[in-house]
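Asks: Below is the structure I would like to discuss, written out as structure tokens.
The values are calculated or read from the model by the stated rules, or taken from the named source; none is laboratory data. Predicted, not measured: the structure shown is a model, and the values here were computed from it. Here the Cβ positions follow ideal geometry from the backbone for every residue, glycine too, while neighbour counts run over all protein chains shown. Quick note on the areas: whole protein, heavy atoms, side chains included, nothing else; ligands and nucleic acids left out. Shrake-Rupley method; radii C 1.70, N 1.55, O 1.52, S 1.80 Å.
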Amino acid sequence: MEPRILGLHHVTAIAGNAQRNFDFYTKILGLRFLKKTVNFDDPGTYHFYFGDETGSAGTILTFFPWEHITPGRRGIGQATEVGYSVPAGSFEFWIKRFEEHGVTYNKPSEKFGEQYLTFLDPDGLKLELIVSKTADPRTPWTTPEVGADVATKGFHTVTLTLANIKATAEILTDVFGYTLQEQHVNRYRYVTDTVQGAAYIDLVEVPGEARSVTAGGSVHHIAFRVKDDAAELFIRQKLIEKGLQPTPQIDRDYFHSVYFREPGGVLFEIATENPGFTVDEPLAELGTALKLPKQHEHRRKQLEASLPPIHL
């Protein structure tokens, strides 16, 4: 069989204050802090990773926290909503928790027969908690305050807002192997049958919408999962045959990446499962030490002195 896309791998977004970002995702949402490293291209900025116990593909939310970043604006050419799968009956817990911590949220609503709860992180990133109508067998990371009966299990959906969905949909169907599952007005849901979680992409078509501004509270890019290097290079060749211009394969230490901008303007990444987050620290110690890409290791003392301290 030909290699296939295995749903979402990770989502990378932009934050402001690093400590505030860390506190929100670990203490309020209850995600595991997987990795404290730096931006490959801007090593004076952290790169944080949050997810489940092991950093399973489809659970990984990452951030570049730029201290003085201006707020972004949602609009066309952008991933505008990141949805997490949660157990049925958990909304009461989350609403109470959001109210206790001053988190902005909307009352629960429904789309495609699934209940969802929208909320914003401290930088304005739009997130959703979604009760999937199909079984989600993934085991969540839990904390003393966020138990398994309410905890997020990983991604459910990422929504892209586009002026016209046609060319983007063709990438999803012709290259990535997704199929159109449902449509409601101007929202189109695409699904892959290769995984049980992190399987959905929603395309929202709004021709008159203003273009997005990618800054604080914005998604920087979304990454799709492949099994290994061979599968990634196979998909890369299919993208070239589609007339796109993917990058060469790039070693990101915890996975190998190929990037391209899809026709609607959203930055896509293909990311491998290998080698994973335990390549440079044991599972029990994930996220406890500053890990630097090899090319920046010689600057460790300088970077440790300049990066803001994070209280774990």
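Asks: For every other residue with a beta carbon closer than 14 angstrom to the beta carbon of Glu92, add +1 if it is Lys or Arg and -1 if Asp or Glu, then tell me the sum. Spell out each step's value before the answer.
Replies: Values: positive: Lys96, Arg97, Lys107; negative: Glu99, Glu100, Asp149.
Net charge around Glu92: 0.
Asks: How much FRET efficiency would the formula 1/(1 + (r/R0)^6) give for Leu180 and His298, where r is the Cβ-Cβ distance and R0 is 45 Å, rounded to 0.05? Can you show the working numbers first?
Replies: On the way: r = 50 Å, r/R0 = 1.11.
My answer for the efficiency is 0.35.
Asks: In square nanometres and to one decimal, what's the mean projected area of the convex hull around the Cα atoms of the stretch 1-77?
Replies: Working: hull surface 29.1 nm².
Average projection, Cα convex hull of the stretch 1-77: 7.3 nm².
Asks: Continuing with the same structure: Chymotrypsin sites (Phe, Trp or Tyr not before Pro), restricted to the stretch 220-259: which are DSSP loop and have at most 14 other Cβ atoms within 10 Å? Could the numbers behind the result be given before it?
Replies: On the way: sites: Phe224, Phe234, Tyr254, Phe255, Tyr259; in loops: Tyr254.
The qualifying sites: there are none.
Asks: Still on this structure: What per residue convex hull volume, in Å³, comes out for the chain when only alpha-carbon positions are used?
Replies: For the chain, the hull spanned by Cα atoms encloses 130 Å³ per residue.
Asks: So, counting K/R as plus one and D/E as minus one, what does the shell of residues with Cβ under 11 Å around Tyr188 add up to?
Replies: Details: positive: Lys166, Arg187, Arg189; negative: Glu182, Asp202, Glu205.
Result for the neighbourhood of Tyr188: 0.
Asks: Moving on to the next point. What are the aspartates and glutamates whose alpha-carbon lies under 13 Å from the alpha-carbon of Lys294, with same-chain residues fewer than 8 places away excluded?
Replies: Correct list for Lys294: Asp41, Asp251, Asp253, Asp280.
Asks: Further question: May I ask you to give the percent of accessible area on the chain that is carbon plus sulfur, with a probe radius of 1.4 Å? Provide the component values of the computation, followed by the final result.
Replies: On the way: 6870 of 13240 Å².
Percent of accessible area from carbon and sulfur atoms in the chain: 52.
Asks: How much accessible area per residue does the chain have, counting only protein heavy atoms and a probe of 1.4 Å, in square angstrom? Kindly include the intermediate steps, with their values, before the conclusion.
Replies: Values: 13240 Å² over 312 residues.
Per residue, the chain has 42 Å² of solvent-accessible surface.
Asks: Glu209: net charge of surrounding residues, Cβ under 12 Å, Lys/Arg +1, Asp/Glu -1, itself excluded?
Replies: Details: positive: Arg73, Arg74, Arg211; negative: Glu205.
Net of charged neighbours comes to +2.
Asks: Once every DSSP H run of n ≥ 4 in the chain is given -39500 (n - 2.57) and the sum is divided by its residues, what mean residue ellipticity at 222 nm do you get, rounded to the nearest 500 deg cm²/dmol?
Replies: Numbers: 5 runs with 42 residues, N = 312.
Mean residue ellipticity at 222 nm (helix-derived): -3500 deg cm²/dmol.
Asks: Please report the antiparallel percentage of the DSSP beta bridges confined to the chain, to the nearest 5.
Replies: Working: 48 of 72 bridges.
Antiparallel bridges make up about 65 percent of those DSSP assigns within the chain.
Asks: Cross-link list Lys166/Lys227; Lys27/Lys291; Lys166/Lys242; Lys35/Lys96; Lys133/Lys153; Lys35/Lys291: which exceed 19 angstrom alpha carbon to alpha carbon?
Replies: Listed pairs above 19 Å: Lys166/Lys227; Lys27/Lys291; Lys35/Lys96.
Asks: Please list 178-185, 268-275 highest first by mean number of surrounding beta-carbon atoms within 10 Å per residue. It would help to have the intermediate numbers written out before the result.
Replies: On the way: 178-185: 13.2, 268-275: 21.1.
Top of the packing list down: 268-275, 178-185.
Asks: Dipole magnitude of the stretch 1-100 about its Cα centre, charges +1 at Lys/Arg Cβ and -1 at Asp/Glu Cβ only, in debye to the nearest 20? Please report the intermediate quantities before stating the final value.
Replies: Details: 10 positive and 11 negative charges, 12 e Å.
I would put it at about 60 debye.
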